[in-house]
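Worksheet: the structure to be examined is printed underneath.
Nothing in this text is a laboratory measurement; each read-out follows from the coordinates by a stated rule. All values derive from a computational prediction rather than experimental measurement. All Cβ positions, glycine included, derive from the backbone under ideal geometry; neighbour counts span all protein chains shown.
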Amino acid sequence: MDDAQTPIEPKKPVVDEQMIATAYHEAGHAIVALSLGRTIEKCTIVRNTIRLGAVQLGKGRNQRQQDFFEIEAMILLGGVVSEAKHTGQYNWGGAQQDLRSLRRLTLARVNTDQQVERLEKRLLDKTTHHLEQPGHWEAIEAVVSELIRQQAISGRSARHLFDEAMKKNT
């Protein structure tokens, strides 16, 4: 076969530490969302001009939600908590968009800066504890693996990986 007949393979992105950290971040959002009854449409680590990755939440819910504020806040914090568990430190700079959204939520709930800080610390602790529950970290690892391999996964695929991890831990 000469060069004219050699098939051209698509370029695969270089897997670097930033991509891996981003995968943990997005997987954290996805697993917290799924475990708290939210649906997701897509999870990706494909970079664009605005962000390094994203989780697109679905409109539907597959369980009754008890506290919308707390669930949304924990989903926002799930990314930075998961990434920190992998890297050993919080990447507050990389989570600015999540933190701005969290601040809008908390300011709607409490009045003073001291109350905001105390509430956000409590939510961070609660999210950390939540991701330590049996099966959750295994689900994050499975989603990370798929994100590194494919760059993006459907919400259905993420749900399947979450359900499989939970089955193994029951």
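Checking the a/c ratio against 1.5 first, then a/b against b/c, what shape does the Cα gyration tensor give for the range 96-170?
Prolate, since a/c reaches 1.5 and a/b exceeds b/c.
What is the gain in length, in nm to one decimal, between His129 and Asn169 on full extension, counting 0.36 nm per residue of separation less the C-alpha to C-alpha distance?
12.8 nm
Could you sort 87-93, 24-30, 39-45 so that the peptide with the highest average Cβ count within 10 Å comes first and the rest follow in order?
Output ranking for 87-93, 24-30, 39-45: 24-30, 39-45, 87-93.
How would you order 112-122, 148-158 from highest to lowest mean count of nearby Cβ atoms within 10 Å?
Going from most to least packed, we get 148-158, 112-122.
So which helices of the chain fit the span-like rule, where a helix is a whole DSSP H run, its Cα atoms reach 24 Å or more along the axis, and its mean Kyte-Doolittle is at least 0.0?
Correct list, ordered by number: 17-35, 68-87.
Work out the count of Lys pairs in the chain where the Cα-Cα distance is under 26 Å, with the pair 8 or more places apart or on different chains.
Lysine pairs meeting both conditions in the chain amount to 15.
May I ask which residue of Leu124, Ile71, Ile50 lies farthest towards the positive end of the charge dipole of the range 14-168, with charges of +1 (Lys, Arg) and -1 (Asp, Glu) on Cβ and the Cα centre as origin?
Looking along the dipole axis, the top candidate is Ile71.
Between the alpha-carbon centers of the range 137-155 and the range 66-107, tell me the distance in whole angstrom.
Each part's Cα centre sits 19 Å from the other's.
Please report, in debye to the nearest 20, how large the charge dipole of the chain is about its Cα centre when each Lys and Arg carries +1 at its beta carbon and each Asp and Glu carries -1 there.
Here the size comes out at about 700 debye.
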